[in-house]
Amino acid sequence: MENFYLLKGIILGFSVAAPIGPVSILVIRRTLSAGLKFGFLSGLGATTAVTSYSLIAALGLTFVTNFLLGQQFLFRLIGGIFLCYLGVKIFFSKPAEKGASAERKSLFQSYLSVLFLTITNPIAILTFTGMFAGLGLAGEGVNYISGLQVVLGVSVGSAAWWLLLSIGVSLLQNRLNSKVLSWINRISGIIVLIFGLIALYGLI
């Protein structure tokens, strides 16, 4: 109670999600082109990944951490290639794909693609391990109840950021015409492609 672990977790989750990166670009672009549901579901993919990594850190599963870090070259290679693919796909995509028959599949794909993109960055687990150590929730005699409160907070904080971002961006959606959305797709595609190329270059 006195340490407010849940509140600390919410702050951690919010602060980890907030910096602008490829996931933020994807959430913004999908919200503008397809609506609030698509943007928020994309953000929840990232929330699922960071919640998983924070849970591993909270439980002190060092064998999982070591495995993920041991495979980081492969994960980062896959993640970089996937970013490049998404960048090219976004660049050439047309604004707002509609159609009720494909909506559920598209929603699931929006969620899954960002989950995959975020989970292929195992370095994130070091971030959470460091955070949990800073909160005194790592090592011998760890308090798992407190750790799980932080994990819950991370999940809530991350989801809250993506919801706020999606709502904020969706307020602009109806003010943009198809020409502007086409340019947003091109610019977003280029930015995501650059992130992918930077990730691949870092492996050299």
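The table for this structure:
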quantity	calculated
Length released on extending from LEU7 to LEU77, taking residue separation times 0.36 nm less the Cα-Cα span	21.7 nm
Per residue accessible area of the stretch 158-201, 1.4 Å probe, in Å²	61
Sites TRP183 and ILE20, calculated FRET efficiency, Cβ-Cβ separation with R0 25 Å, nearest 0.05	0.85
Efficiency of FRET from Cβ geometry, ILE190 and GLN109, R₀ 25 Å, rounded to 0.05	0.70
By average C-beta atoms within 10 angstrom, highest first, the peptides 46-55, 81-90	46-55, 81-90
Where TRP162, TRP183 fall by accessible area, highest first, once all protein chains stay in place (1.4 Å)	TRP183, TRP162
Percent of alpha-carbon pairs separated by more than 20 Å within the stretch 1-59	35
³J(HN,Hα) computed for each position of the stretch 20-32 - Karplus, 6.51 cos²θ - 1.76 cosθ + 1.60, integer Hz, glycine/proline x	6, x, x, 5, 4, 4, 5, 5, 4, 5, 5, 5, 5
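The values are calculated or read from the model by the stated rules, or taken from the named source; none is laboratory data. The shown structure was predicted, so the numbers you read here are calculated from the model rather than taken from an experiment. Because the Cβ atoms are built from the backbone with ideal geometry, glycine has one as well, and the counts that use them run over all protein chains shown. SASA here: full protein model, heavy atoms, side chains in, ligands and nucleic acids out. Shrake-Rupley method; radii C 1.70, N 1.55, O 1.52, S 1.80 Å.
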